[in-house]
Amino acid sequence: MNDNNGKPYLSPPGVKRDGGTGRRPSHVPLLIFVIFILLLAGAGAVLFLLPGGFNKAENSTSLPTVPVQQPPPPPSEQKMAGRRTENDEADKLLETLLALQVQARIENISGWGGELYQKVLETMTGADDYMTEHKYPDAAAAYQKAITDLEILLDSKETVFQTAMEEGYKALTEGDSEEASSQFAIALAIDPAGSEAKKGAGRAESLDTVIGKFREAETLERSGDLNGSEAKFVELLALDSEFLAGRAGLTRVRQRIEEKTFQDEMSNFFQAVEARQLVRAKSSLKLLRTLRDGDEQVIQAGKILAEREEAAQVASLRDQAENLSEAEKWQDALAIYKKILVIAPESLFGVNGQSLAVKRFKLDKTLTDTINQPSRLQDEMQRATAIKLLAYAQQVEPKGPLIASQVDKLEELITYASTPVDVQLESDNSTDVTIYHVGRMGHFFSRQIVLKPGTYTIVGTRMGYRDIRRTVEVAPGSGITRLFIQCEEPI
């Protein structure tokens with residue numbers, strides 16, 4: 001017969017598989033044995049009740065008492081007793097086996113016992129057949145084997161579970177969804193609540209779909225559609241995040257995408273550098289550092305950009321310095337050249353430019369100071385220095401409008417300072433007149449002298465009168481200048 005799950009099971013030997021009685025006819029030998037016992041008991045009673053029986057014999061001294069020996073049972077009865085013993089042993093083993101089978105069913109052995117359990121069932125069926133055929137020793141041996149095998153199988157449940165899990169994961173790795181489902185079903189039959197087994201069964205269920213997406217992802221990768229391949233790998237990992245080939249594929253594709261992005265951006269960087277689009281190059285370098293910070297190529301790119309930025313900055317400063325030089329703003333130009341030399345100390349044009357700016361700035365300052373103080377030209381030494389300054393300034397090239405005007409102005413001042421002016425001095429003939437840096441004029445009513453343009457100090461002295469001092473300006477080209485000086489305040 002079969003159980004509710006369609007699996008064959010054994011029943012006690014007293015019940016046929018079709019529900020009828022299949023037990024051997026054991027009541028006949030038992031009846032014979034009972035009759036035999038009754039006959040022996042009857043014979044003993046007769047001997048006991050005979051006249052002069054055992055009581056008389058006890059008082060008799062004529063004959064010795066001869067012990068009466070019981071006759072051995074006939075061979076047929078001995079055989080019958082042996083069969084009964086063998087049957088009892090087989091029955092006991094069957095009871096043990098049936099109890100063990102109940103335990104096995106509680107542990108859902110039909111879901112995980114596999115071929116070993118089927119062999120146990122076959123052994124049990126064979127034992128039932130032996131019982132039906134009254135082959136009790138064979139039945140007992142078969143029942144014992146079934147008990148032993150079933151106990152071993154039950155004891156191996158944990159091993160079966162571990163093996164099923166391992167084989168299930170192996171099948172997942174090999175892409176065999178049918179085998180994986182089968183193995184995880186065995187694991188779930190042993191541990192229905194096991195989370196790992198449930199997860200494995202779920203992975204096995206979606207395995208074919210995952211493998212399909214994996215093949216699509218590989219096809220897209222081979223065709224060069226890396227972004228499409230990445231998306232497909234992401235899809236399959238959403239179904240099975242532990243699919244190792246999918247993980248490896250996604251990692252590989254993302255590495256290729258990163259490499260392509262890196263190389264494309266590196267190309268953009270050098271194009272921007274060559275085009276002197278340094279803002280764009282700086283943006284590319286920032287992205288390159290995000291992709292591979294510390295990479296040797298990125299480090300070199302950073303150095304190249306720094307050099308180009310430095311060169312661009314120096315070029316910009318050079319333009320400023322040259323424009324300021326052309327505008328003859330030598331002090332501002334000098335400041336710019338100093339900045340250039342801070343950035344590029346070995347810059348030849350920076351060194352030369354600074355040197356020129358220093359000279360022109362000093363010349364400009366000296367010319368300005370000399371022009372702004374023309375009275376100094378009245379002094380012969382100052383005027384001689386001014387003449388040398390003028391000669392130097394006239395030779396300077398390039399000569400811009402500013403220095404040209406300064407040269408003209410200084411030349412004019414020197415000319416004025418060098419052209420004598422007629423001066424008419426008038427006094428009271430009592431005042432002693434002296435002109436500083438010219439000499440003592442003495443007493444006179446009127447005297448005409450020639451003075452170079454400039455500022456003069458005239459002092460008059462007279463006994464009994466307070467000295468008088470006057471500062472006069474003798475303007476170049478002013479014609480005859482009249483100056484009156486005399487002491488008028490008595491002491």
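The values are calculated or read from the model by the stated rules, or taken from the named source; none is laboratory data. Since the model is a prediction, treat every value here as computed from it, not as a measurement. Cβ: placed from backbone, ideal geometry, glycine included. Neighbour counts: every protein chain shown.
Observations, loosely collected:
- Residue within the range 375-392 that is touching a residue at least 60 places away in the same chain (Cβ under 8 Å) and surrounded by 15 or more Cβ atoms within 10 Å (Cβ to Cβ) present: yes
- Hits in the range 124-173 (condition: under 30 Å from Lys198 (Cβ atoms) and of a type in the set (A, V, I, L, M, F, W, C)): Leu150, Ile152, Leu153, Leu154, Val160, Phe161, Ala164, Met165, Ala171, Leu172
- Qualifying residue in the range 351-372 (condition: without any contact (Cβ under 8 Å) to a residue 60 or more places away in the chain, out of contact with any His (no Cβ under 7 Å at 6 or more places or on another chain) and outside any helix (DSSP H, G or I)): no
- Those residues of the range 396-424 which are over 28 Å from Glu326 (Cβ atoms) and among the charged types (D, E, K, R), in sequence order: Asp422
Conditions tested, residue by residue: (1) in contact (Cβ under 8 Å) with a residue 60 or more places away in the chain; (2) among the basic types (Lys, Arg); (3) farther than 30 Å from Ala357 by Cα.
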| residue | (1), (2), (3) |
| --- | --- |
| Ser241 | no, no, yes |
| Gly246 | no, no, yes |
| Lys260 | no, yes, yes |
| Glu309 | no, no, no |
| Leu317 | no, no, no |
| Trp330 | no, no, no |
| Ala333 | no, no, no |
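- Some residue of the range 213-230 being touching a residue at least 24 places away in the same chain (Cβ under 8 Å), buried (at least 17 other Cβ atoms within 10 Å of the Cβ) and basic (Lys, Arg): yes
- Answer from Glu265, Glu259 - the residue that is of a type outside the set (Ser, Thr, Tyr), in a helix (DSSP H, G or I) and surrounded by 14 or more Cβ atoms within 10 Å (Cβ to Cβ): Glu265
This table checks each residue for (1) touching a His at 6+ places or on another chain (Cβ under 7 Å); (2) outside any helix (DSSP H, G or I); (3) free of Cβ contacts under 8 Å to residues at least 12 places away in the same chain; (4) assigned by TED's automatic domain parsing to the domain that holds Phe214.
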{"position": "Asp138", "(1), (2), (3), (4)": "no, no, yes, no"}
{"position": "Ala146", "(1), (2), (3), (4)": "no, no, no, no"}
{"position": "Met165", "(1), (2), (3), (4)": "no, no, no, yes"}
{"position": "Thr173", "(1), (2), (3), (4)": "no, no, no, yes"}
{"position": "Glu178", "(1), (2), (3), (4)": "no, no, yes, yes"}
{"position": "Ala185", "(1), (2), (3), (4)": "no, no, no, yes"}
{"position": "Ala189", "(1), (2), (3), (4)": "no, no, no, yes"}
{"position": "Gly200", "(1), (2), (3), (4)": "no, no, no, yes"}
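- Looking only at the range 77-105, residues that are modelled with pLDDT of 85 or more and small (Gly, Ala, Ser) come to 3 in all.
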